[in-house]
Amino acid sequence: MSTSTPAAPPATSAAEVRPSRPSASNRRDRRARDRRRFATRSLLNLFLLVGAFTMIVPFLWMIFTSLKSPAELALFPPTFWPQEWRWENYPEALAAAPFHIYFRNSFIIAFSHTAITLVFASMAGYALARIPFRGREWIFMGIVAMLMIPTYSKIVPQFLIVRFMPLFGGNDILGQGGTGWLNSWWALIIPGGLSASAIFLFRQFYLSLPKELEEAARLDGLGEYRIFAQIYTPLVKPALATVGLLTFQDSWNNFLWPLLVTTSDNLRVIQVGLAVFQQLEGTAWGYLMAGTTLATVPMVLLFLFCQKYFVQGFANAGIK
Amino acid sequence: MSSRTSRTRRCAAGLTAALALTLAACSAGSDAGGGGDAAPGEVSGDITLLTPIYEGTEGQRLLEDELLPQFYEQYPNVTVTVDYTTYGQLNEKLTTAVASGLIPDVMMMGVGWIEGFADRGILANLSEDAGYTQADLEADYAPQIVEAGMWDDSVFALPIMLDTRVGVARMDLLAEAGYDHTPTSWEELREMAIALTERDAAGTLQRTGFDIMSTDLRQGFETMFFSSGGSLFNEDFTEPTFNSPEGVETLQFLVDLVNTDGIEDIGFTSTDAEVNPLLNGRAAMGIAHNSLWTQAEDAAPDVMEHLQPFTIPGEVPGMFFGGTMASVAAGSEHPEAAQALTEFLASPDAALAANEQRGNVPALTELLDSDYVQGNVMVQFAMENLDVAQREGGPPAWLEIRGDIKPAIEAALLQQQTPQEALDTLADAAQAAIDR
């Protein structure tokens, strides 16, 4: 066994061990770079601040308007801050209509639409993206074509479908004799439960996932449903958040359809309730803004909780 | 709020087209029968009421807690289910109801709407079914208001409330400029408007001498047009006459006020403004809705004593009225009950309560003496001058035509078209709608 003494490291001076001090010109360059970086970041922050302020001003205006008296709303030039904070606008606005029922109804409808959309639109999107079948492209083109049909042009046919729904609301098998789904939860929930845009978005997300996952899952013996539910869908959480939030928002803001298919106050929604304050003879701005402020709260909370996934979803879908 | 206006316009355009296609197939024949001869106790049935008024807690309380109990006292065997809607969505509500065949027994709708629905057989003919005659009604209402509920020489609706557009002047601001009276002619109106308009050193408008932007432009134009002696259609409503010399002169007058005299800038105010500019001194004169008085009670009580309504002084006094009327569905299964409710809602006590709740103008001339009318300067003025008030509408296609009027006026005001071109284009579109 031979012993060998490891070669001694080359002698180094203390100056060589310590990191070399930047020269004066390097320090100047670094300081200049830092200053430039600071200036750029400051400019960017300023730009974002201005953008954020521009975005938030309408909300602030809405909130401050909701706290002004009619006399103050009549002032010119208008005030930004309320001179007198009129908090009673809120209880008075809520007393103008059964808003607790309207809130409940809006929530039930929006929640139902979101749930139906997340389940069925994701399935449809998965099928269009990952399951090859005859006519798949035609079906997809049909869904894209549906995106181009204006909502208002569908209202009368949709209303007739609801009205003549067989075996509901006293209708016979041919849809005659009764009121069908009119003035019922069915009419409020089912027709708006699924949208072509949600299917389209899900398809785009499922398309972006690698095929190898599916192949591996099939080798492991997983069936189609388990591949959809256990492999792919957990990877599209941003899509679920994005589509869910957009669906909830659309449903929450819906006005015309609930107005048309219901006659009972017990089935009316928040947006229909708010219309009470905007009449032909004039608008009660204080009450309208108080009601609108309250109506935006659920959406703001939802966005705060989902914003991480929501932003990711838009980024991934390429629609940011 | 502007999105609401455009949304409403889109809805109306789309659904009016759908209405034209579906009404003919779905409308029921006029077999209402009835006649109102039955004793109240013998009248029975569950009926539905579609109403764009009485919405909101106060309106619902008035209808459900006060008016309907009074009705039930007279007609104990009748039950009324109420469907509230807004005026903005009434057309959609009626269109879908008619298309589906589920037409409310009693429908409240606006002046100018009756002709289209009566022509398609949706409304019961109250002259045939209940014996109403034009002459009888003119004993209680101004003739123009009676005509608003008629089609083809028959009565189809009873007036309940009116909303008017008149000239309004701030007399305190007029006095500062040396005027002690409202305008007596278009020329004087123009001269006063110019004198009362104020701009700052930079030329920014501070006060308009004559505000035409915070009233719907269609209704503002029509108010001026009526004062020129013009009419919207020929006598049998087969041709539009917007583009008559009177129409062109009216639109040219408005265009000159804005673009030559600079009395008001586009965007200075709008129908969505938080408050009418007459109330906060941003306008010295203007065309306004009669609800200005009740708005002033809330927002600017100090200026109420200075508000002076006036009819627009042209060839004839100009005043516009719209309003709400009650009609019975031709296919109602309970025509006597529906007719009874219609008559009740149009009766003096019920109509007065509804008008008071909304600050509107009662259609019945006998209500001129009521405390409510006597205490509301704008409503009182409107009622005292109902004989000169004119309405819009006329042909069955009015709901299609009216949506095109505002864009035509805007095109002229923005100088994209001359008044003659804008009105000719409008008349062509109106003629096409009438001929369809």
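The values are calculated or read from the model by the stated rules, or taken from the named source; none is laboratory data. Just so you know, these numbers come straight off a predicted model, no measurement behind them. Counting neighbours? That spans all protein chains shown, and the Cβs are built from the backbone with ideal geometry, glycine included.
List of remarks:
- Any chance B:V361 is under 30 Å from B:P76 (Cβ atoms), buried (at least 21 other Cβ atoms within 10 Å of the Cβ) and β-branched (V, I, T): no
- Single residue of B:E421, B:E400, B:E343, B:E392 found to be touching a residue at least 12 places away in the same chain (Cβ under 8 Å) and surrounded by fewer than 22 Cβ atoms within 10 Å (Cβ to Cβ): B:E343
- Any hit, region A:131-150, residues being free of Cβ contacts under 8 Å to residues at least 40 places away in the same chain, more than 16 Å from A:Q204 (Cβ to Cβ) and within 14 Å of chain B (Cβ to nearest Cβ): yes
- Test for B:A175: is it among the hydrophobic types (A, V, I, L, M, F, W, C), at pLDDT 95 or above and out of contact with any Gly (no Cβ under 8 Å at 6 or more places or on another chain): yes
- Matching residues, region B:260-279, being surrounded by fewer than 15 Cβ atoms within 10 Å (Cβ to Cβ) and either within 10 Å of another protein chain (Cβ to nearest Cβ) or not in a loop (DSSP other than H, G, I, E, B) (or both): B:T260, B:D272
Quick grid of which residues meet (1) more than 14 Å from chain B (Cβ to nearest Cβ); (2) surrounded by fewer than 21 Cβ atoms within 10 Å (Cβ to Cβ); (3) in a loop (DSSP other than H, G, I, E, B); (4) of a type in the set (V, I, T):
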{"residue": "A:A216", "(1), (2), (3), (4)": "yes, yes, no, no"}
{"residue": "A:P238", "(1), (2), (3), (4)": "yes, yes, no, no"}
{"residue": "A:T242", "(1), (2), (3), (4)": "yes, no, no, yes"}
{"residue": "A:T263", "(1), (2), (3), (4)": "no, no, yes, yes"}
{"residue": "A:Y287", "(1), (2), (3), (4)": "no, no, no, no"}
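- Index of the failed condition, A:Q176 passing every other in (1) surrounded by fewer than 16 Cβ atoms within 10 Å (Cβ to Cβ); (2) outside any loop (DSSP other than H, G, I, E, B); (3) not hydrophobic (A, V, I, L, M, F, W, C): (2)
- Filter pass, B:A429 being more than 14 Å from every other protein chain (Cβ to nearest Cβ) and in contact with a strand residue (DSSP E or B) (Cβ under 6 Å, 6 or more places away or on another chain): no
- Residues in region B:162-217 that are closer than 24 Å to B:G229 by Cα and without any contact (Cβ under 8 Å) to a residue 40 or more places away in the chain: B:H181, B:E187, B:E191.
- Where helices (runs of 4 or more DSSP H) fall wholly inside region B:354-436, the ranges with 2 or more residues that are among the charged types (D, E, K, R) are B:398-413, B:419-435.
- Index of the failed condition, B:N376 passing every other in (1) within 14 Å of chain A (Cβ to nearest Cβ); (2) within 17 Å of the chain's Cα centre (by Cα): (2)
- Extreme residue, farthest from A:V261 (Cα to Cα), among residues of region B:89-142 that are within 13 Å of another protein chain (Cβ to nearest Cβ), assigned to a loop (DSSP other than H, G, I, E, B) and of a type in the set (V, I, T): B:V111
- Residue ID - nearest to the other protein chains (Cβ to nearest Cβ), chosen from residues in region B:282-328 that are within 30 Å of B:G394 (Cβ to Cβ), of a type in the set (A, V, I, L, M) and not in a strand (DSSP E or B): B:L292
- Looking across region B:42-87 at every residue that is part of a helix (DSSP H, G or I) and at the interface with chain A (Cβ under 7 Å from one of its Cβ atoms), the one that is farthest from A:Y287 (Cα to Cα) is identified as B:Y87.
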